[in-house]
Amino acid sequence: MKQSVQANNQQETILCVDDELFILTTLGKSLQTKFGDQYNYELAESAEEALEIVRELKDDGLPLAMIISDQIMPGMCGDELLTILHESYPDVIKILLTGQASIEAAVNIINNVDLFRFLT
């Protein structure tokens with residue numbers, strides 16, 4: 001389910017990734033309430049979908065400001081996603097927002113990604 005909360009090609013994008021639709025839409029609405037029209041907001045229900053969105057943004061020459069990802073998702077987990085994206089986007093703010101994460105995942109992301117915040 002690729003979903004854009006707002007679409008303005010002149011602004012940076014905040015990408016939110018979570019496999020729970022309620023959390024994802026609540027996060028998107030909260031960000032829009034806080035930042036308003038300052039950013040575009042893209043929502044992805046999986047890491048794979050997030051990678052597709054990032055490819056489209058890159059192909060269109062659109063900037064990415066922040067990635068907020070859950071850890072536990074079917075398929076690729078959040079620490080893997082943020083590690084992959086860090087290679088191409090080292091300066092993008094990366095936040096792992098999760099209710100469940102193993103110590104191994106936390107250590108992996110802290111060691112491999114310039115993590116802005118780890119929120120449990």
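The values are calculated or read from the model by the stated rules, or taken from the named source; none is laboratory data. Values in this document were obtained by computation on a predicted structure and should not be read as measured data. Because the Cβ atoms are built from the backbone with ideal geometry, glycine has one as well, and the counts that use them run over all protein chains shown. All accessible areas refer to the heavy atoms of the entire protein, side chains included, with ligands and DNA or RNA removed. Shrake-Rupley method; radii C 1.70, N 1.55, O 1.52, S 1.80 Å.
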Glu48 - would you say it is on the phi < 0 side of the Ramachandran plot, open to solvent by 60 Å² or more (accessible area, probe 1.4 Å) and modelled with pLDDT of 95 or more? yes
Could you check, for the range 74-92, whether at least one of its residues is under 13 Å from the mean Cα position of the chain (by Cα), open to solvent by 60 Å² or more (accessible area, probe 1.4 Å) and modelled with pLDDT of 90 or more? yes
Based on what the data block shows, is Gly28 small (Gly, Ala, Ser), modelled with pLDDT under 95 and open to solvent by 50 Å² or more (accessible area, probe 1.4 Å)? no
Using the structure shown, decide if Glu56 is touching a residue at least 12 places away in the same chain (Cβ under 8 Å), surrounded by fewer than 23 Cβ atoms within 10 Å (Cβ to Cβ) and either within 25 Å of Gly99 (Cβ to Cβ) or not basic (Lys, Arg) (or both). no
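Here's the yes/no breakdown for (1) touching a Leu at 6+ places or on another chain (Cβ under 6 Å); (2) closer than 24 Å to Ser30 by Cβ:
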site: Glu45; (1), (2): no, yes
site: Glu52; (1), (2): no, yes
site: Asp59; (1), (2): no, no
site: Leu62; (1), (2): no, yes
site: Ala65; (1), (2): no, yes
site: Ile68; (1), (2): yes, yes
site: Met73; (1), (2): no, yes
site: Cys77; (1), (2): no, yes
site: Glu87; (1), (2): no, no
